[in-house]
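Novice: Could you have a look at this structure, given as structure tokens, before my questions?
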Amino acid sequence: MLVLKDEDPRIHGIKTKIRVVPNFPKPGIMFQDITTLLLDPKAFKDTIDLFVERYKGKNISVVAGIEARGFIFGPPIALAIGAKFVPLRKPRKLPGDVIFEEYTLEYGKDRLEMHVGAVELGERALVVDDLIATGGTLCAAMNLLERVGAEVVECACLIELPDLQGRERLNGKPLYVLVEYQ
């Protein structure tokens with residue numbers, strides 16, 4: 001069941017462009033495919049515009065995007081609000097010195113890495129990804145940014161799967177989403 005987070009008419013247009021693919025990448029998973037949203041310039045622009053409208057004027061200096069789909073939404077948001085974009089990458093993807101945060105997945109462990117010095121003490125950060133499920137990746141991203149002295153203002157995701165209770169793992173940190181799937 002779809003829950004619209006807002007009465008803004010753009011939300012409905014965005015939701016209709018997200019394709020749900022049953023049993024991908026494995027049986028029982030209902031994959032939220034945003035590639036169909038990206039094929040529609042209006043829906044993609046509306047998505048970015050809704051985030052920009054929320055964050056413009058909030059004194060955010062860092063938009064941290066989680067690999068890989070956070071790299072799609074994060075840079076245009078960062079440019080529009082006058083912030084730098086910092087990629088949070090999977091292991092061994094960044095050259096040079098990195099700082100990392102490990103986190104637990106349903107099927108093992110993973111980690112996010114960020115260049116040393118990419119974020120400075122006192123910067124205000126927004127964490128961006130396409131989807132929140134269990135919340136583990138967003139928590140790792142917040143921990144990484146906070147360890148270097150950033151203030152995480154909010155997390156922003158296009159989609160939330162509330163049945164997986166990821167929001168509860170964020171320890172009260174604000175989460176803004178455009179679309180929920182029950």
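The values are calculated or read from the model by the stated rules, or taken from the named source; none is laboratory data. Keep in mind that what you see is a predicted model, and the values were worked out from it rather than measured. We place every Cβ from the backbone using ideal geometry, glycine too, and count neighbours over all the protein chains shown. SASA here: full protein model, heavy atoms, side chains in, ligands and nucleic acids out. Shrake-Rupley method; radii C 1.70, N 1.55, O 1.52, S 1.80 Å.
Novice: Would you check if Leu144 is open to solvent by 60 Å² or more (accessible area, probe 1.4 Å) and either without any contact (Cβ under 8 Å) to a residue 60 or more places away in the chain or not acidic (Asp, Glu) (or both)?
Specialist: Criteria not met by Leu144.
Novice: Condition (residue is under 30 Å from Arg147 (Cβ atoms), of a type in the set (Val, Ile, Thr) and at pLDDT 95 or above) applied to the range 23-41: is it met by at least one residue?
Specialist: Checked against the condition, which is being under 30 Å from Arg147 (Cβ atoms), of a type in the set (Val, Ile, Thr) and at pLDDT 95 or above, the range 23-41 yields at least one hit.
The rows are residues; the columns are (1) in contact with a Phe, Trp or Tyr (Cβ under 7 Å, 6 or more places away or on another chain); (2) exposed (fewer than 15 other Cβ atoms within 10 Å of the Cβ); (3) of a type in the set (S, T, N, Q); (4) in contact (Cβ under 8 Å) with a residue 40 or more places away in the chain.
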site: Ile11; (1), (2), (3), (4): no, no, no, yes
site: Asn23; (1), (2), (3), (4): no, yes, yes, no
site: Lys42; (1), (2), (3), (4): no, yes, no, no
site: Tyr55; (1), (2), (3), (4): no, no, no, yes
site: Ile66; (1), (2), (3), (4): no, no, no, yes
site: Pro76; (1), (2), (3), (4): no, no, no, no
site: Leu79; (1), (2), (3), (4): no, yes, no, no
site: Ala83; (1), (2), (3), (4): no, no, no, yes
site: Val86; (1), (2), (3), (4): no, no, no, no
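Novice: Still on this structure, I have one more. For the subset of the range 132-172 comprising residues that are touching a strand residue (DSSP E or B) at 6+ places or on another chain (Cβ under 6 Å) and part of a loop (DSSP other than H, G, I, E, B), which member is nearest to Leu50 (Cα to Cα)?
Specialist: Leu161
Novice: Starting from residues that are among the hydrophobic types (A, V, I, L, M, F, W, C) and out of contact with any Cys (no Cβ under 6 Å at 6 or more places or on another chain), keep the ones in the range 120-130 and report whichever is surrounded by the fewest Cβ atoms within 10 Å (Cβ to Cβ).
Specialist: Per the criteria, the residue is Leu121.
Novice: When the residues of the range 86-126 are narrowed to those that are of a type in the set (Ser, Thr, Tyr) and part of a strand (DSSP E or B), which ends up modelled with the highest pLDDT?
Specialist: Residue satisfying both the conditions and the ranking: Tyr103.
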